[in-house]
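Computed from the coordinates by the stated procedures, all read-outs in this text should not be read as laboratory data. Quick caveat, the model's predicted, so the values are computed rather than measured. Ideal geometry is used to build each Cβ from the backbone, glycine not excepted, and the neighbour counts take in all protein chains shown.
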Amino acid sequence: MFVRECWKPRSESEIFELIEQNPWGLLVSNGTATAGGAFSGPLATNLPLILSRPERILTSHIARANAHCAALLRDQSPVLAIFHGPSSYVTGSWYPQRDMPSTVYYTAVHCYGRLEFQDAGNLRESLEELVHRYEDPIPDGWQTSDIAEKDVTRRLPSILGFVMKIERLEGKFKLGQDEPKRDALAVAERLLASDDSRVRALGAMTRRYNEDRP
């Protein structure tokens with residue numbers, strides 16, 4: 001990922017926070033050559049990827065019926081997990097002098113590492129964690145105990161659980177840090193006035209990453 005020095009997140013904690021707030025990621029791995037020698041191209045699957053900060057791991061599962069699953073089992077090369085945080089188109093009309101071209105402010109994280117596959121017991125535990133991650137904020141949210149345990153366990157053979165050990169981490173918070181300070185702060189105010197909560201979050205980040213600049 002192309003990241004100018006000024007676009008780098010200020011801490012690893014902020015990178016992890018983006019992952020935790022945006023766990024719906026994209027898992028990408030190398031394609032494989034077919035019997036005829038043709039290359040299948042990269043493989044990608046959208047998945048919920050749950051972060052454990054202390055262990056620096058991402059946990060998820062993939063359907064065994066997915067051809068990507070077979071490829072992951074066959075070739076255990078490093079993989080890439082991509083997360084997108086808040087983003088917004090920024091029209092050049094928002095700049096005070098209207099002398100800058102339109103652009104996009106955005107946040108993204110790339111995690112590189114290798115997969116380790118789970119046994120049935122660990123998969124069951126990680127599914128429980130996944131349910132809590134999504135359901136706990138919902139009043140009277142669903143629990144696995146709402147259905148018979150056999151209705152949970154009978155589904156386990158159809159999915160492959162895994163953990164990804166993060167070996168390399170890249171973050172990009174492109175928030176106008178390479179533009180004149182007055183312009184970036186003017187954009188921040190426009191973003192903060194949005195009806196969209198994610199755009200407002202981007203506005204808050206834009207202000208924070210620019211207000212203390214020279």
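In terms of the Cα gyration tensor, with a ≥ b ≥ c the square roots of its eigenvalues, is the range 137-214 rounded because a/c is under 1.5, prolate because a/b exceeds b/c, or oblate? Oblate, because a/c is 1.5 or more while a/b does not exceed b/c. As a length-normalised measure over Cα pairs under 8 Å and 6 or more apart, the relative contact order of the chain settles at 23 percent.
What number, in percent, do you get for the relative contact order of the range 74-199 if the mean sequence gap of Cα pairs under 8 Å and at least 6 apart is divided by its residue count? Result for the range 74-199 is 33 percent.
Potential lengthening of the chain between D75 and K150 amounts to 23.8 nm, from the contour at 0.36 nm per residue minus the alpha-carbon distance. Projecting label points 7 angstrom from Cα along Cα→Cβ for S87 and S102 puts them 1.6 nm apart. Stretched out straight at 0.36 nm per residue, the stretch from R198 to A120 would grow longer than its current Cα-Cα span by 24.4 nm. For K174, a cut-off of 16 angstrom between C-alpha atoms picks up these lysines, skipping any fewer than 8 places away in its own chain: K8.
The trypsin sites (Lys or Arg not before Pro) of the range 59-134 that DSSP puts in a loop, and whose beta carbon has at most 11 other beta carbons within 10 Å, are R98. Quick one: Debye curve from the alpha-carbon atoms of the chain only, equal weights, vacuum; give me log10 I(q)/I(0) at q = 0.09, 0.11 Å⁻¹ to two decimals. Scattering profile of the chain, log10 relative to I(0): -0.47, -0.67.
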